[in-house]
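Peer 1: Encoded as structure tokens, here's the structure I'll be asking about.
The values are calculated or read from the model by the stated rules, or taken from the named source; none is laboratory data. Here the structure is a predicted model, which is why all the values come from computation and not from measurement. Neighbour counts run over all protein chains shown; Cβ positions are idealised from the backbone, glycine included.
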């Protein structure tokens, strides 16, 4: 039950700040009267607060009980969803997303990674993180099925004729789903997640600060951060698939939500499969292959011609991208073991790597929103975005190759 609880918690907490926009972006911007740039600003505010939270969250994870951190984070994040139900103004939305940047990361993220690493032991890190992210994918799909069903039920038979009131009711129904998920997940982690052993926890404040100083001097930590920057940039492309399907391919809001829902289902198989391969061949080799897969998918989206009969091309490209970046997410933290980061430094290492590696949470929403507003309803903005993401995948390959060479040199000493 420990891993199942971590899986449920690891996905439920990100439903409110991410899933609603990911699946229902066209309706979300209309209901809250937002431009694409304003929506990007919300994501960037989340990312700025989250970046600082990643750094200090590692310190918390090395000092405080894991299940307390996880449960508290889930409950206060769910409480933020109640604000979303009030139909807040842009200013209130900014405060809300900044709050979520704190609530979903500072007490949560490093604690989740620490608990997962302990669960996996020394020899099955790829499997542990693959199961975590694959399981999160299954739970995300389950939540999306419920959310899309309620959203569809609130919409008219012909979604294109939906009024603003109907779209508002549809969005509210999805918010209820993700609030309930947070509360249920908090109960699970409190009941079923054990406390880490003494050896895996920092002894005092001095040892924790010493761990931080140690990990920032490790070249492998910086390379892992670059790898996650590239991988997370590639992953953030999923937030634009539904808008791309509506604006460029002429799909309805409901069809676009279903596109992302079904493609995202691949996460379970991609992450677990990548974990198995990582334990067999090494995490770094798997990462290189996955970066290549994701990069090819983004280039394909640029060249696939929109047509009523070519829907299979869009779905294939989206599915390929999902397989690539979900596999990346499933194993990039397994690099901690491949790089021989000590267990007692896990929290500090995760904090430093995440502080740098998840900076796409800051710049990707701004970049994506700006590009789409420069060419509203046209493919040009999307094409520039996808070329950028393809370049990020290439950078990820180069960073992973550099890390492999560093590890080989260290082993030869």
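Peer 1: Determine whether residue 274 is farther than 13 Å from residue 235 by Cβ, modelled with pLDDT of 90 or more and surrounded by 18 or more Cβ atoms within 10 Å (Cβ to Cβ).
Peer 2: For residue 274, the condition - farther than 13 Å from residue 235 by Cβ, modelled with pLDDT of 90 or more and surrounded by 18 or more Cβ atoms within 10 Å (Cβ to Cβ) - is not met.
Conditions (1) outside any helix (DSSP H, G or I); (2) over 19 Å from the mean Cα position of the chain (by Cα); (3) within 28 Å of residue 339 (Cα to Cα); (4) free of Cβ contacts under 8 Å to residues at least 12 places away in the same chain, marked per residue:
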{"position": "60", "(1), (2), (3), (4)": "no, yes, yes, no"}
{"position": "72", "(1), (2), (3), (4)": "no, yes, no, no"}
{"position": "97", "(1), (2), (3), (4)": "no, no, no, no"}
{"position": "101", "(1), (2), (3), (4)": "no, no, no, no"}
{"position": "114", "(1), (2), (3), (4)": "no, no, yes, no"}
{"position": "129", "(1), (2), (3), (4)": "no, no, yes, no"}
{"position": "142", "(1), (2), (3), (4)": "no, no, no, yes"}
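Peer 1: Moving on to the next point. Before we move on, is residue 292 closer than 24 Å to residue 220 by Cβ, touching a residue at least 12 places away in the same chain (Cβ under 8 Å), surrounded by fewer than 24 Cβ atoms within 10 Å (Cβ to Cβ) and in contact with a helix residue (DSSP H, G or I) (Cβ under 8 Å, 6 or more places away or on another chain)? If you could, list the steps in order and put the result at the bottom.
Peer 2: Working: closer than 24 Å to residue 220 by Cβ: yes; touching a residue at least 12 places away in the same chain (Cβ under 8 Å): yes; surrounded by fewer than 24 Cβ atoms within 10 Å (Cβ to Cβ): yes; in contact with a helix residue (DSSP H, G or I) (Cβ under 8 Å, 6 or more places away or on another chain): yes.
So residue 292 fits the description; yes.
Peer 1: Got a sec? Which of 365, 376 is crowded, with 24+ Cβ neighbours inside 10 Å and either assigned to a helix (DSSP H, G or I) or in contact (Cβ under 8 Å) with a residue 24 or more places away in the chain (or both)?
Peer 2: Matching residue, one of 365, 376: 365.
Peer 1: While we're looking at this one, here's another question. For the structure I just gave you, tell me whether residue 389 is assigned to a helix (DSSP H, G or I), more than 23 Å from residue 212 (Cβ to Cβ) and either within 16 Å of the chain's Cα centre (by Cα) or without any contact (Cβ under 8 Å) to a residue 60 or more places away in the chain (or both). If you could, list the steps in order and put the result at the bottom.
Peer 2: Values: assigned to a helix (DSSP H, G or I): yes; more than 23 Å from residue 212 (Cβ to Cβ): yes; either within 16 Å of the chain's Cα centre (by Cα) or without any contact (Cβ under 8 Å) to a residue 60 or more places away in the chain (or both): yes.
When the stated conditions are applied, residue 389 passes them.
A quick yes/no check of all residues on (1) at pLDDT 95 or above; (2) within 30 Å of residue 243 (Cα to Cα):
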position	(1), (2)
5	yes, no
9	yes, yes
12	yes, yes
15	yes, yes
19	no, yes
23	no, yes
42	yes, yes
57	no, no
65	no, no
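Peer 1: Let me ask something else about it. Got at least one residue in region 216-229 being in contact (Cβ under 8 Å) with a residue 24 or more places away in the chain, closer than 23 Å to residue 134 by Cβ and either out of contact with any helix residue (DSSP H, G or I) (no Cβ under 8 Å at 6 or more places or on another chain) or surrounded by fewer than 24 Cβ atoms within 10 Å (Cβ to Cβ) (or both)?
Peer 2: Looking through region 216-229, at least one residue is in contact (Cβ under 8 Å) with a residue 24 or more places away in the chain, closer than 23 Å to residue 134 by Cβ and either out of contact with any helix residue (DSSP H, G or I) (no Cβ under 8 Å at 6 or more places or on another chain) or surrounded by fewer than 24 Cβ atoms within 10 Å (Cβ to Cβ) (or both).
Peer 1: Test each condition in (1) part of a helix (DSSP H, G or I); (2) free of Cβ contacts under 8 Å to residues at least 60 places away in the same chain; (3) over 20 Å from residue 184 (Cα atoms) for residue 64 and report the one that comes out false.
Peer 2: (1)
Peer 1: Suppose we filter region 144-176 for residues that are farther than 19 Å from residue 80 by Cβ and in a helix (DSSP H, G or I); how many remain?
Peer 2: Within region 144-176, residues that are farther than 19 Å from residue 80 by Cβ and in a helix (DSSP H, G or I) number 19.
Peer 1: If you don't mind, another one. Would you confirm, using the coordinates I've provided, whether residue 106 is without any contact (Cβ under 8 Å) to a residue 60 or more places away in the chain, in a loop (DSSP other than H, G, I, E, B) and either more than 30 Å from residue 31 (Cβ to Cβ) or in contact with a helix residue (DSSP H, G or I) (Cβ under 8 Å, 6 or more places away or on another chain) (or both)? I'd like the intermediate steps shown before the answer.
Peer 2: Numbers: without any contact (Cβ under 8 Å) to a residue 60 or more places away in the chain: yes; in a loop (DSSP other than H, G, I, E, B): yes; either more than 30 Å from residue 31 (Cβ to Cβ) or in contact with a helix residue (DSSP H, G or I) (Cβ under 8 Å, 6 or more places away or on another chain) (or both): yes.
Against the criterion (without any contact (Cβ under 8 Å) to a residue 60 or more places away in the chain, in a loop (DSSP other than H, G, I, E, B) and either more than 30 Å from residue 31 (Cβ to Cβ) or in contact with a helix residue (DSSP H, G or I) (Cβ under 8 Å, 6 or more places away or on another chain) (or both)), residue 106 qualifies.
Peer 1: Shifting gears a bit: Mind checking which residues of region 83-101 are under 22 Å from residue 60 (Cα atoms) and surrounded by fewer than 20 Cβ atoms within 10 Å (Cβ to Cβ)?
Peer 2: Within region 83-101, 98, 99 qualify.
Peer 1: So which pairs qualify, if the first residue must be in region 22-50 and without any contact (Cβ under 8 Å) to a residue 60 or more places away in the chain, the second must be surrounded by fewer than 23 Cβ atoms within 10 Å (Cβ to Cβ) and in a loop (DSSP other than H, G, I, E, B), the Cβ gap must be under 8 Å, and the two must be at least 6 apart or on different chains?
Peer 2: 29/35
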